[in-house]
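Have a look at the structure below before the remarks.
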Amino acid sequence: ERVDFIQYFHGVIDRFELNLPGHIHLKRQLPEGQFPVWMDKDKMTQVLDNVISNAIKYSPEGGIITMKAENKRHYLLVSISDQGMGISYDKLDKIFERFYRADKARTRKLGGTGLGLAISKELVEAHHGKIWATSKEGKGTTVLFTLPLMNQKRRGV
Ligand code: ATP
Ligand code: MG
């Protein structure tokens, strides 16, 4: 279905705001205007729910989570940045593997199965996008993904 991504993304963030742990702040850096993307809303919501939940789970007290979307002409670049513990460079690719959890001792108490990002990767790729992460240990993590933009002039389907 054709979806205006920015309007949709605001809706997802609004839903998180309703139930946010008190010490976390969500910041939006979303442009004005139409960003039409061909997508399955339910599947994209699974991707965003997992990435945003991770950002919340690994955020420190008073942490700010920044949600961005940028128009790169033919595709949209979406990113979610947190100020959490970060992930070491050698583990950055592994977090997208099934059941992989960086630092077992530390993450055990935070719960989860290690499937969220593996599923997110499958779903983003099913939308012809790519997903990856950058991180600075002790400073924070950014998860980024792309989605092809539809021809903005096309109307209807
Ligand atoms: P699930 O999503 O299945 O509940 P999970 O959150 O542990 O479990 P993933 O979402 O796949 O699993 O993430 C895999 C691992 O990557 C996590 O266990 C954690 O070690 C690391 N990770 C993911 N996001 C972040 C983040 N924002 N900051 C630090 N580490 C992260
Ligand atoms: Mg997760």
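All of the numbers you see were taken from the coordinates with simple rules; none came from a lab. What you see is a predicted model; the values in this text were computed from it and never measured. Cβ coordinates were reconstructed from backbone atoms using ideal geometry, including for glycine residues, and neighbour counts include every protein chain displayed.
Rg/Rh for the stretch 47-93 stands at 1.03; both radii use Cα atoms, and Rh follows the Kirkwood definition.
The local environment of Glu97, defined by Cβ-Cβ distances under 11 Å, has a net charge of +4 under the rule Lys, Arg +1 and Asp, Glu -1. Principal-axis analysis of the Cα atoms of the chain puts helix 41-57 at an angle of about 30° to the longest axis.
Gain on full extension, evaluated as 0.36 nm per residue between Tyr89 and Thr113 minus their Cα-Cα distance, stands at 6.5 nm. Taking the longest Cα principal axis of the chain as reference, the axis of helix 5-18 is set at about 40 degrees. Scaled against the 2.2 N^0.38 Å expected of a compact globular protein of N residues, the Cα radius of gyration of the stretch 4-157 reads 1.04. Placing dummy labels 7 Å off each Cα toward the beta-carbon, the span from Asp49 to Glu137 is 3.4 nm.
Working from Cα pairs under 8 Å separated by at least six residues, relative contact order for the stretch 28-139 is 29 percent. One chain, two ends: Leu18 and Leu77. Fully extended at 0.36 nm per residue, the span grows by 18.7 nm beyond their Cα-Cα distance.
Could you tell me how many degrees, from 0 to 90 and to the nearest 10, lie between the Cα long axis of helix 116-126 and the main elongation axis, the longest principal axis, of the Cα atoms of the chain? The answer is roughly 20 degrees.
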